[in-house]
Amino acid sequence: RWRFPREPYLGDLLGLSQLSRATGVDIDNQLKIIDRLHIPQLQKILTGEIKTKPKHGTVADVTLDCMGFKWELHQPQLFHSGTLTKLYMFALSQKNTDPLKELEKFLRAESPKEQPKMSPVKKITISLKINDPLVTKTAFATALKSLYTNETEVHMEDVLGVLASANILQFPTLFKKCVSLMKDGISPCTIQTYYLAACKYKEELLITACEKWLEMNLVPLIGKQIYLRTVPQELLQKVLKSHRLFTFSEFDLLKTTLYWVYLQLNLRLQSIPIYEAVLAFFNSFPKKCPFLERELGQKFLPVFHCLRLHGITKSKDLEDIKYINFFPEAWMVRILANHYHALESGGDMFHAKDLSTQAIRFGLLINQENKIYSEMIGVYGFFFEIKGIKHGGSSYSFYMQRIKYSDTNIPTIIHERSTVSLRQERIVKYEIRAQSLVDGNWQEFSTNTLTQKFGLIKSTSKSHCLTVYKMLYISYLT
């Protein structure tokens with residue numbers, strides 16, 4: 001390419017590489033000459049000096065050869081892109097022209113006092129090779145259009161490609177715009193692609209937004225959809241370890257995780273099966289070896305290390321776990337032994353030391369339709385009611401209250417096969433948290449860790465109350 005006798009592509013980095021190998025010229029030294037021009041500062045000066053769009057009919061003075069197209073550009077707008085600025089400056093240097101002198105001519109020509117009839121710098125061709133598969137011609141065209149105006153509309157179906165184009169062009173304004181659109185557009189069908197793109201381009205704000213969204217929606221939303229299959233294992237493990245993760249119970253979280261594994265192994269499925277089908281699938285493996293100890297299941301071990309299996313206390317749920325022969329025998333022995341010691345100790349959980357990582361979680365999903373939300377829970381013979389009450393416009397209060405085992409309001413499903421403790425008082429370490437989506441941002445509220453002695457009389461049966469003002473749309477109580 002570098003031997004072409006006529007007008008060469010002066011910004012062609014591939015041709016430059018060939019030239020370097022053929023002649024022994026160090027390409028890095030050539031590029032360092034351009035870097036000494038302090039491109040970011042140069043961009044700031046040039047884009048600050050040029051406030052207006054090119055007049056209608058103005059002849060383009062730069063041709064960009066990229067993706068099989070020749071894109072006609074104007075110098076003033078080109079300087080919004082760090083990559084295009086470097087290519088342009090390198091092209092000038094290859095023509096034995098002093099880049100700074102040429103830019104000085106250009107700035108004088110752009111001055112309102114002077115109205116040149118011709119372009120201050122001769123038309124130059126630069127080329128750019130793009131290897132990023134996310135970049136499409138439509139997305140790249142949108143990115144180039146954004147060099148001319150901040151009002152360019154970025155369609156959601158093209159936002160990934162435009163983000164990738166902005167990254168290649170080193171166009172930070174457009175990149176930030178795409179990140180903002182993607183943060184607002186996270187959903188079950190986009191969580192995978194947005195998270196992987198955020199990791200690829202090391203965009204921490206978008207990574208955090210994806211993690212936060214999944215923390216809130218793993219169990220109540222995406223866990224019931226086929227899109228659960230698309231959640232990357234790395235992201236799933238991060239979310240399962242998060243203290244902000246919302247779940248209705250530890251068993252609900254286990255069911256969601258089992259569904260995720262099932263979908264990884266059954267890629268042809270197009271809809272979520274019933275839970276019994278998932279149990280039957282894992283139970284179909286030979287009984288000689290638990291699933292997680294098989295070669296097929298070992299890669300999923302780190303996921304289940306993140307779960308709080310000791311928080312599954314209902315006998316029916318424990319029977320389901322044993323039935324599917326999923327967990328190593330040592331795990332099952334430890335779970336059942338912890339339950340036995342807790343029951344023998346009157347409900348004391350000596351095996352749980354750290355509230356932030358070992359507490360048993362229960363949750364309520366709240367919207368603005370009802371005024372009172374409540375759920376009955378039972379742990380080792382003690383029964384509680386967790387409540388969320390709406391006050392006026394958008395204020396809520398959250399608390400839990402101990403319920404006597406003989407209370408007729410306790411659902412049969414809670415105490416039918418449960419043990420009952422006759423202890424009048426119970427010391428409980430707990431935390432009540434509420435998380436709410438307000439104006440597109442998640443806000444967290446908490447009582448922090450509290451230790452309280454719960455009795456059966458009215459004065460000692462109620463926990464500390466968490467009151468939240470201006471709570472909108474949705475909230476979670478854990």
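One table, with the values for the structure above:
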read-out	value
Exposure ranking of THR193, THR447 by accessible area [1.4 Å probe, largest first]	THR193, THR447
Relative contact order of the range 320-387, defined on C-alpha pairs under 8 angstrom at six or more residues apart (%)	21
Only Lys, Arg (+1) and Asp, Glu (-1) charged, at Cβ; the range 334-470 dipole about Cα centre in debye	260
Rounded, prolate or oblate (a/c below 1.5 giving rounded, otherwise prolate when a/b exceeds b/c) for the range 256-412 by Cα gyration tensor	oblate
Protein accessible area in the range 247-345, 1.4 Å probe - carbon and sulfur %	55
Efficiency of FRET from Cβ geometry, GLU344 and THR449, R₀ 35 Å, rounded to 0.05	0.85
Dipole magnitude (debye, nearest 20) for the range 247-345, charges at Cβ of Lys, Arg, Asp, Glu	220
Simple Cβ-charge dipole of the range 262-301, Lys/Arg +1 and Asp/Glu -1, about Cα centre, in debye nearest 20	100
3J(HN,Hα) from dihedral phi, the range 452-460, Karplus parametrisation 6.51/-1.76/1.60, rounded to Hz, x for glycine, proline	9, 8, 9, x, 9, 8, 4, 6, 10
Principal axis box of the range 316-363, alpha-carbon based, largest edge first, Å	29, 27, 20
Per-selection Kirkwood Rh - the range 247-345 (Cα, Å, 1 d.p.)	14.3
Residue pairs, from the table LYS255/LYS390; LYS123/LYS200; LYS238/LYS404; LYS255/LYS287; LYS212/LYS314; LYS212/LYS458, whose Cα atoms sit over 32 Å apart	LYS123/LYS200; LYS238/LYS404; LYS212/LYS458
Span from the the range 300-319 Cα centroid across to the the range 143-184 one, whole angstrom	43
Mean accessible surface per residue for the range 247-345, computed with a 1.4 Å probe while every protein chain stays in place, in Å²	52
LYS453 accessible area, assembled protein chains, probe 1.4 Å, Å²	110
FRET E, pair ASP132, GLU293, Förster distance 41 Å, beta-carbon r, rounded to 0.05	0.50
Gyration tensor (alpha-carbon) shape descriptor, the range 245-304, a/c threshold 1.5	oblate
Two-site FRET efficiency, GLU425 against ALA330, from Cβ-Cβ distance with R₀ of 41 Å, rounded to 0.05	0.70
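The values are calculated or read from the model by the stated rules, or taken from the named source; none is laboratory data. The structure displayed is predicted, hence computed values, not measured ones. A quick note on method: Cβ atoms are made from the backbone with ideal geometry, for glycine too, and the neighbour counts reach across all protein chains shown. Quick note on the areas: whole protein, heavy atoms, side chains included, nothing else; ligands and nucleic acids left out. Shrake-Rupley method; radii C 1.70, N 1.55, O 1.52, S 1.80 Å.
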